[in-house]
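Remarks on the structure that follows.
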Amino acid sequence: MLTEHVTAPTARLPRVRASELVGRGWLNTGGRDVTLADLRGKIVVLDFWTFCCINCLHVLDELRELEEAHRDVLVIVGVHSPKFVHEADPVALAAAVERYGVHHPVLDDPDLVTWSAYTARAWPTLVVIDPEGYVVAQMAGEGHRRNVEILVDELVAEHEAKGTLHRGSGPYVPPEPTSGTLRFPAKAIALPNGNLLVADAGHHSLAELAADAETLVRRIGSGERGLVDGGPGEARFNEPNGLCLVPDELRGALGYDVLVADTVNHALRGVRLSDGMVTTVAGTGEQYMVGAADNVVSDGARGQKLSSPWDVVWSQDLAAFLVAMAGNHTLWTFDAVAGTTTHVAGTMNEGLLDGPGPDAWFAQPSGLAVAPDGRIWFADSETSSLRWVEPSPLTIRTAVGEGLFDFGHRDGPASEARFQHPLGVAVLPDGSVAVADTYNGAVRRYADGEVTTIASGLAEPSGFVVLPDGLLVVESAAHRVTRIPIAAGEHVDGGTHRTQRPVTDIAPGEVALDVVFTPATGQKYDDRYGPSTRLQVSSTPPELLLDGAGDDVPLTRTLRLNPAVAEGVLHVTAHAASCDDDPAIEYPACHLNAQDWGVPVRLVPGAAAVLSLPLHG
């Protein structure tokens, strides 16, 4: 996965014919296939995505308004190019398209045929095709909405003048609506009155259920996407996830009883159970963008931008709520009494690295649970790992997991066990840890350095409620909460996997790495406060790189690849700062352009000895 927070230039690429859209099938088209010939006369944006990727979900949200505003001239096509095995399941993909409100055609590309044809290297990647069928722009990562809009306006004017723009409806056919009490529920908690409160993400609301986990008692939230405070019928959420009861001693002073991670609103919301009143307590409603100058717009938690908070728990040791900030791979605290938020762990680089909080790397931390000893367990979804936080001094450790590209369903010693994109954790009465192993459809248990499976055959489990006599599992893709016993568990060996992406053949020995960065239109390099660029390189396995690993300023570097290592992954992180290049602007806006790549490589004598990566296209 990559994260890029940068405005892309509108400079055009050389005119190259777009490749045909080839895959296993189509969704949101009423059952018909779509070809480039069918799209001639329209501006087409290909969105290469995978539904595990938080940056891809951000892009879906960025494109919604653009899509609605230009639906008569613009066709967005989602090209789903999966990372995990589960994501290649067509049923799971169809559920994800419904879950995330994708209102455009989606090409199912499980073998990465179209991904390869367009030389995509990371999720997400956008490709813009003009009405005559030529590729005019390619950009990786998120944060491109404004410049895509500018480019669309330019293309509309140009091709309307040429007579090559055809207005009218596109190939999108909405699916049949579904109904039910819950729709893609995310997390749940037990309430003091014995009922359950469920984050009903697909209905953009909270559902209070009776103790039977089925009967709807009331709903908090109107069911419409939005960020609106107020009573239960007028308040709005946007795909809420994590829920946490406020400690008894704080409820009176704070005026709310439950803290909600309102994920797509990039906010924390307080809910008063007596009357269902909802109040925003942290976040502005806009996404924190790495390197942006306006991430803090005013004092206090309400003036701090957040990025897809996914779960939240109360830590007595931290004297604050801990927030899993999935959107920028970090952990934050929220001091509700002081009304402040603090970034406490994670560099915002994506990966798996333990150590002191500020130095650690995460990849979409998504589920939190506090143990009686104060340790905070969490599911780090994109590294398919189970990790924990030691509160004092704040330190990160990993119990199970290897990194971004290794996953599977294997029980046994922690060093050999594998998960597949887990989203939830819970501490069981005996001190062991239950893991909602989401993409394996299983509940796993970690105890004494050993992993077992205690339930399988579930539909994307994502959260738990621990009961004295069992475990309630939020079965997200089945739209229900399911009760299972806490069994002893058994050993399952469903094998292990590595992410299968097209491999780049590259020569062993010396290789020139070149990260190509061009400041966006109207911007220039910014060296006022030191070097404007930074390049970090590492590899899996580490012995792949004989020389060239580490952190330095230039965006070019000579690598020396070990001919004794047949294949591996080069991990490259690049940063470049740029500012508005207009002398008339007294306070120019500045941007930190940041991008992570994981490039699978195979060492082949005689192959190219150059690896070129565009920081944006």
Margin query: Need the failing condition index for Gln420 against (1) farther than 23 Å from Ile189 by Cα; (2) touching a Phe, Trp or Tyr at 6+ places or on another chain (Cβ under 8 Å); (3) in a strand (DSSP E or B), just the number.
Written below: (3)
Item checked: Candidate set: the stretch 342-358, residues that are in contact (Cβ under 8 Å) with a residue 24 or more places away in the chain and either in contact with a Gly (Cβ under 8 Å, 6 or more places away or on another chain) or among the aromatic types (Phe, Trp, Tyr) (or both); chosen: the one surrounded by the most Cβ atoms within 10 Å (Cβ to Cβ) -> Ala345
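Could you please find all residues in the stretch 100-115 being in a helix (DSSP H, G or I) and surrounded by 20 or more Cβ atoms within 10 Å (Cβ to Cβ)?
As a first pass, look at the stretch 100-115 and keep what is in a helix (DSSP H, G or I): 113-115.
Result: Thr114, Trp115.
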Margin query: Need the failing condition index for Gly412 against (1) within 17 Å of Ile484 (Cβ to Cβ); (2) surrounded by fewer than 22 Cβ atoms within 10 Å (Cβ to Cβ), just the number.
Written below: (1)
Notebook entry, point to check: From the residues in the stretch 427-461 that are in a loop (DSSP other than H, G, I, E, B) and of a type in the set (Asp, Glu), which one is farthest from the chain's Cα centre (by Cα)?
Noted result: Asp430
Checklist line | Residue check, Gly252 assigned to a loop (DSSP other than H, G, I, E, B), surrounded by fewer than 14 Cβ atoms within 10 Å (Cβ to Cβ) and of a type outside the set (Lys, Arg) | finding: no
Check: Looking at (1) assigned to a strand (DSSP E or B); (2) charged (D, E, K, R); (3) surrounded by fewer than 17 Cβ atoms within 10 Å (Cβ to Cβ), can you tell me which one Arg269 breaks?
Finding: (3)
Next item on the list: May I ask you to list the residues in the stretch 318-334 that are under 13 Å from Pro247 (Cβ atoms) and either free of Cβ contacts under 8 Å to residues at least 40 places away in the same chain or surrounded by fewer than 18 Cβ atoms within 10 Å (Cβ to Cβ) (or both)?
Entry: Ala319, Ala320
Check: Which numbered condition trips up Asp294, out of (1) surrounded by 24 or more Cβ atoms within 10 Å (Cβ to Cβ); (2) within 28 Å of Cys579 (Cβ to Cβ); (3) not hydrophobic (A, V, I, L, M, F, W, C)?
Finding: (1)
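To keep it simple, each residue is scored yes or no on (1) modelled with pLDDT of 90 or more; (2) surrounded by fewer than 19 Cβ atoms within 10 Å (Cβ to Cβ).
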{"site": "Val136", "(1), (2)": "yes, no"}
{"site": "His144", "(1), (2)": "no, no"}
{"site": "Asp153", "(1), (2)": "yes, yes"}
{"site": "Glu158", "(1), (2)": "yes, yes"}
{"site": "Leu165", "(1), (2)": "yes, no"}
{"site": "Gly180", "(1), (2)": "yes, yes"}
{"site": "His204", "(1), (2)": "yes, no"}
Next item on the list: Filter the stretch 373-386 for residues that are within 19 Å of Gly463 (Cα to Cα) and touching a residue at least 24 places away in the same chain (Cβ under 8 Å) and give the result.
Entry: Ile376, Trp377, Phe378, Ala379, Asp380, Ser381, Glu382, Thr383, Ser384, Ser385, Leu386
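Just name the residue that is surrounded by the most Cβ atoms within 10 Å (Cβ to Cβ) out of those in the stretch 393-407 that are assigned to a strand (DSSP E or B) and touching a residue at least 60 places away in the same chain (Cβ under 8 Å).
Phe407
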Next item on the list: With the condition kept exactly as written, say whether any residue in the stretch 52-74 is in contact with a Leu (Cβ under 9 Å, 6 or more places away or on another chain), over 22 Å from Arg225 (Cβ atoms) and assigned by TED's automatic domain parsing to the domain that holds Ser116.
Entry: yes
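Do we have Tyr118 as in contact (Cβ under 8 Å) with a residue 60 or more places away in the chain, under 15 Å from Gly78 (Cα atoms) and either buried (at least 21 other Cβ atoms within 10 Å of the Cβ) or more than 19 Å from the chain's Cα centre (by Cα) (or both) here?
On the way: in contact (Cβ under 8 Å) with a residue 60 or more places away in the chain: yes; under 15 Å from Gly78 (Cα atoms): yes; either buried (at least 21 other Cβ atoms within 10 Å of the Cβ) or more than 19 Å from the chain's Cα centre (by Cα) (or both): yes.
Against the criterion (in contact (Cβ under 8 Å) with a residue 60 or more places away in the chain, under 15 Å from Gly78 (Cα atoms) and either buried (at least 21 other Cβ atoms within 10 Å of the Cβ) or more than 19 Å from the chain's Cα centre (by Cα) (or both)), Tyr118 qualifies.
Can you tell which of Leu165, Leu197, Leu182 is more than 24 Å from Val515 (Cα to Cα) and not in a loop (DSSP other than H, G, I, E, B)? Break it down stepwise before answering.
Details: Leu165 fails: not in a loop (DSSP other than H, G, I, E, B); Leu182 fails: not in a loop (DSSP other than H, G, I, E, B).
Exactly one of Leu165, Leu197, Leu182 is more than 24 Å from Val515 (Cα to Cα) and not in a loop (DSSP other than H, G, I, E, B), namely Leu197.
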Margin query: Taking the conditions exactly as written (surrounded by 20 or more Cβ atoms within 10 Å (Cβ to Cβ), hydroxyl-bearing (Ser, Thr, Tyr) and not assigned by TED's automatic domain parsing to the domain that holds His343), does Thr263 satisfy them or not?
Written below: yes
Check: Is it the case that Arg219 is surrounded by fewer than 19 Cβ atoms within 10 Å (Cβ to Cβ) and either of a type in the set (S, T, N, Q) or under 30 Å from the mean Cα position of the chain (by Cα) (or both)?
Finding: yes
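With the condition kept exactly as written, say whether any residue in the stretch 97-115 is among the polar types (S, T, N, Q) and in contact with a helix residue (DSSP H, G or I) (Cβ under 7 Å, 6 or more places away or on another chain). Please lay out each step first, then the result.
To start, the set of residues in the stretch 97-115 that are among the polar types (S, T, N, Q) comprises 114.
Those still in the list that are in contact with a helix residue (DSSP H, G or I) (Cβ under 7 Å, 6 or more places away or on another chain) too: none.
So far as the stretch 97-115 goes, no, none of its residues is among the polar types (S, T, N, Q) and in contact with a helix residue (DSSP H, G or I) (Cβ under 7 Å, 6 or more places away or on another chain).
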Next item on the list: Evaluate the stretch 434-451: report whether one residue or more is touching an Asp or Glu at 6+ places or on another chain (Cβ under 6 Å), modelled with pLDDT of 95 or more and surrounded by fewer than 21 Cβ atoms within 10 Å (Cβ to Cβ).
Entry: no
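Only one residue in Leu423, Leu458 is farther than 17 Å from Trp377 by Cα, at pLDDT 95 or above and in the same structural domain as Gly401 (by TED's automatic domain parsing), so which one is that?
Details: Leu423 fails: farther than 17 Å from Trp377 by Cα.
Going through Leu423, Leu458 in turn, the sole match is Leu458.
The values are calculated or read from the model by the stated rules, or taken from the named source; none is laboratory data. Being a predicted model, the structure only gives us computed values, none of them experimental. Here the Cβ is made from the backbone with ideal geometry for all residues, glycine too, and neighbour counts use every protein chain on show.
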